[in-house]
Ligand SMILES: NC(=O)c1ccc[n+]([C@@H]2O[C@H](COP(=O)([O-])OP(=O)(O)OC[C@H]3O[C@@H](n4cnc5c(N)ncnc54)[C@H](O)[C@@H]3O)[C@@H](O)[C@H]2O)c1
């Protein structure tokens, strides 16, 4: 008996490998969820779905730009047509353009807010409409430690991720009447393609936990985040909504 048996789950930004979306999709599928995996990177999303199926799970892949309002309706229609509806939505897709404020252009600011915050609004709205048909559901939004504390070169990224944090709480309050839960997850330093790009490193051996002030003394793995999302997606967290789950090895406890 899997922890996600009978549930249909969508994960956005599921192409990147290593990436939090892909690991989450694999983990939810491993526990029995039927998966819709999407990304702007269509071959990457297809490869994620193929890996899920190779491991014995069920999945479909779709090309999706999470900023495209009408595409959300098509993704929800596919969930309905293929699997009968949607129970879980993980708004994971994101970008990190880390630039000092004085060098940041308005276009860079707007793009960060569009991809990291506005898309999450679109995803939550579409998910709520779909989940009402199923009598409830669970939304998990990827924020960041940058949505909790101030970090250098994170003005737009942090503003968007802080927005995700409080928007998730507002949605939790509003959607509770429909038995729909909404929580945010705040990863610390997890080794993924985004982290490689942000640090300019080829592998995680160059990450210095003491410089990054990580009390547990090491970076995290995508599975550390996937397991947290699994809990929030499953019925084990039935009484949890409007909460922020910090998975950062103690970074923001200081
Ligand atoms: N890795 C970390 O340390 C870390 C820390 C805090 C928060 N996060 C957040 O977790 C989430 C996943 O991060 P990751 O490290 O796996 O990143 P990643 O860059 O490895 O993967 C992100 C995925 O999102 C996709 N994507 C980007 N823009 C998109 C769009 N407009 N529409 C659809 N897909 C799009 C990319 O193609 C990619 O597959 C992001 O929201 C990120 O901000 C990551």
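The values are calculated or read from the model by the stated rules, or taken from the named source; none is laboratory data. Not measured: the values here are computed from a predicted model. We place every Cβ from the backbone using ideal geometry, glycine too, and count neighbours over all the protein chains shown.
Okay, here's what the table says:
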quantity: Restricting segment 123-154 to residues that are assigned to a helix (DSSP H, G or I) and surrounded by fewer than 18 Cβ atoms within 10 Å (Cβ to Cβ), the residue that is nearest to the ligand (Cβ to nearest atom); calculated: 125
quantity: Search result, residues across segment 1-16 that are modelled with pLDDT of 95 or more and more than 14 Å from the chain's Cα centre (by Cα); calculated: 2, 3, 4, 5, 6, 7, 8
quantity: Elements of type helices (runs of 4 or more DSSP H) contained in segment 1-117, each with 1 or more residues being without any contact (Cβ under 8 Å) to a residue 12 or more places away in the chain and surrounded by 17 or more Cβ atoms within 10 Å (Cβ to Cβ); calculated: 69-83
quantity: Selection from segment 20-37 of residues that are within 16 Å of the ligand (Cβ to nearest atom) and closer than 15 Å to residue 228 by Cβ; calculated: 20, 21, 23, 24, 25, 26, 27, 28
quantity: Matching residues, segment 236-254, being away from the ligand (no atom under 16 Å from the Cβ) and assigned to a loop (DSSP other than H, G, I, E, B); calculated: 238, 239, 240, 241, 242, 243, 254
